[in-house]
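Notes to accompany the following structure.
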Protein chains: 2
Amino acid sequence: MNTTPGMPIASVERETGLSKDTLRVWERRYGFPTPERDANGERVYASAQVRRLAQIKRLMDRGHRPGKLMTLDEAALLALDEARSTAWASPDDLQLDAWLNLVKTHDSEALQQAFYREMAKRGMARFVQDIVAPLIARVGEAWSRNELGIFEEHLFSQHLEKLFRTTLANMAPQTGHPRVLLTTLSGEEHTLGLLMVEALLVVEDAYPVLLGPQTPIDEIVRAAQIKAVDAVCLSFSTAYSPALAAQGLRDLRQRLPADTQLWAGGYGVKPIRKAIDGVCLVPEFQDLFDCLARWRSEPGGKTVN
Amino acid sequence: MNTTPGMPIASVERETGLSKDTLRVWERRYGFPTPERDANGERVYASAQVRRLAQIKRLMDRGHRPGKLMTLDEAALLALDEARSTAWASPDDLQLDAWLNLVKTHDSEALQQAFYREMAKRGMARFVQDIVAPLIARVGEAWSRNELGIFEEHLFSQHLEKLFRTTLANMAPQTGHPRVLLTTLSGEEHTLGLLMVEALLVVEDAYPVLLGPQTPIDEIVRAAQIKAVDAVCLSFSTAYSPALAAQGLRDLRQRLPADTQLWAGGYGVKPIRKAIDGVCLVPEFQDLFDCLARWRSEPGGKTVN
DNA sequence: CGTCATTATTGTCTTGGACAAATAGTTGAC
DNA sequence: GTCAACTATTTGTCCAAGACAATAATGACG
């Protein structure tokens, strides 16, 4: 029996990354979503609507506004999804499509081998920028289009995690500058971004200190002092609310010593338009090298205001 | 003169893990916390109260109830923090104390080397059961007693993750029976338990499929079918509500094919008294070997596709 | 001492209103 | 035509007080 019982609002919040408040206010303003009610009068969302909400969230992270998206039908939303895929055509696109297919068909061994081969061929920096980052975006898009499920996405993530962990273990740096603390704020649980940054920093002779995800702000401050790092680098995925990210960065910047730099990277910082004082926004991996170069050009690593 | 002007409710939610709703209802019911208001009438929490909220949250995770905790003063809370769970001494206890001290003093290199040495000495199975699992419990206790911070706990977890990932990568099994899917339910984000189980399964010639944490139930079912596993193994940490775990296990058992076994492990299943039909509870690692042996002795277990 | 029914506790959901930050649209000066 | 400043709209988050179901604690009874 494949009955679709529907989910409560808390599950929808977890699945889509849209807050309960947002879900309720959308229903009030736009007339979408239209959840049923259970015996207790609480919202019960049909799974088709949850999928659509996730798709809308993806499109919003790309810059579209909810007011416009709500008026569109299924076909129009799908057209918007397709639009960008074709727009960003690059020489590597065919290869990425082939790999996306390996993900869809759960061909774990072929995928793993292809990863190692391509990393050896291009070197770490280009591998991360040209292959891994776009492929992660592709997988996310495919997920939002319901072309693959959470299962495939998790398996894909596990392969990448394994790849980076083993590669990094073999590179094992015990020295280098600057020393960079890698973590995320509470609520951001994606680790892959941190691993990619760690790999890039290691090949650039920096010394990353990987702390894992979800560290409260005052613990980040304490860790930065104890580990004597020159910079703190945070990662934000698309799911993280830009407003929360900006607030967290301001909080952290205030408590962190002035001579400790603060970098913020990942797709989640792209929607942040307004620059935050004393925070270096790193929306693309390329910008990470700029941050690194800027630190190295400064006298003694001291920040000059 | 307070250097920290205070934080909005969203930041407190992020820092403490208490929902906005909970924070507001506590204020209404118990008269704590007592945030100031800004010009717009929105709550502004003093950092001292945020620290106290975090402390209360820790005590609640250990089983205390908020209604009692709210009436206590600073000293009484600290007394509860210090209160120790009954620890029975074992020959390895001194060694565990020494290692806990390495965690407290952030001596990463010494800890890592001690781990590898001890694993080589005892073998994987005994290393996991006698050293890693008790040490994780120790670290959890020390954290709840405020003897070490989230920073130290994160660093400790990262070392263990690195250890297991690299060891597992080198063992890299491509075959073996039974095939076991490893994951957690949504809401349980701890991965270390899964990695330990994976290591034990590999040395026992089973074939684990690591899916990572937080897979929705219907995706677990789909993954089990596609990967043609003989069993699904879930992990629950102490933080996970036993009632939620039991409910999730019943739901999953109902949707999973009858010939696919369901194992549930971790400290989180210990409080589950009532056996669940068709679910094998694995509170200790030793019980995992029993499950494995039982599968292998069953007539259906020997059939290889 | 265990088992069942009752009572207390506690987190989450509800509604509808309000407002500030961000974005879009408009006007005017150069 | 370009850029700046001003106004209008959009949009996410916060607030209040009430309600209820799930969990834990308590008491009654065999």
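Report, in degrees rounded to the nearest 10, the 0 to 90 angle that the Cα long axis of helix A:217-226 makes with the longest principal axis of chain A. Helix A:217-226 sits at roughly 20 degrees to that axis. Shielding by partners for peptide B:218-226, expressed as the average number of C-beta atoms from other protein chains within 10 Å of each residue's C-beta, is 4. Computed over chain B with a Gaussian network model linking Cα atoms closer than 10 Å, the most mobile of B:Asn146, B:Asn40, B:Asn170 is B:Asn40. Most simply put, the protein assembly as shown has about 15% antiparallel DSSP beta bridges, counting only bridges with both residues inside it.
Counted over the protein assembly as shown with a bin width of 10 Å, the fraction of Cα pairs per bin, in whole percents, is 3, 15, 25, 29, 21, 7, 1, 0.
Which distances, in nm and shortest first, link the B:Glu27 label point to the same label point in every other copy, taking 7 Å along Cα→Cβ? List, nearest first: 2.5 nm. Counting from the shortest, the label point at B:Asp251, 7 Å from Cα toward Cβ, is 2.9 nm from the same position in each remaining copy.
The value of relative contact order for chain A, using C-alpha pairs under 8 Å at least six residues apart, is 12 percent.
Residue-wise HN-Hα couplings along segment A:123-133, as the Karplus relation 6.51 cos²θ - 1.76 cosθ + 1.60 with θ = phi - 60° gives them from phi, are x, 4, 4, 5, 4, 5, 6, 8, 10, 5, 4 Hz; Gly and Pro carry x. Helix B:47-61 and the long axis of chain B differ in direction by around 40°, with both axes built from C-alpha atoms.
Expressed as a whole percentage, what fraction of the accessible surface of the protein assembly as shown belongs to carbon and sulfur atoms when a 1.4 Å probe is rolled over the protein heavy atoms?
Heavy-atom surface of the protein assembly as shown belonging to carbon and sulfur, 1.4 Å probe: 52 percent.
Within chain B, all pairs of alpha-carbon atoms sorted by distance into 20 Å bins from zero give the percentages 28, 52, 19, 1. The DSSP beta bridges internal to chain B are antiparallel in roughly 15% of cases. Label-point spacing for B:Met70 across the identical copies (point 7 Å from Cα in the Cβ direction), in nm and ascending order: 3.6.
What does the highest-first list of B:94-101, A:152-159 look like by mean Cβ count within 10 Å?
A:152-159, B:94-101
The mean accessible area for residues of chain A, using a 1.4 Å probe and ignoring ligands and nucleic acids, is 47 Å² per residue. The order of the peptides B:254-263, A:212-221 by mean Cβ neighbours within 10 Å, most packed first, is A:212-221, B:254-263.
The values are calculated or read from the model by the stated rules, or taken from the named source; none is laboratory data. Being a predicted model, the structure only gives us computed values, none of them experimental. Don't worry about glycine lacking a Cβ; one is built from the backbone with ideal geometry, like all the others, and counts go over all protein chains shown. For accessibility, only protein heavy atoms count, side chains too; no ligands or nucleic acids. Shrake-Rupley method; radii C 1.70, N 1.55, O 1.52, S 1.80 Å.
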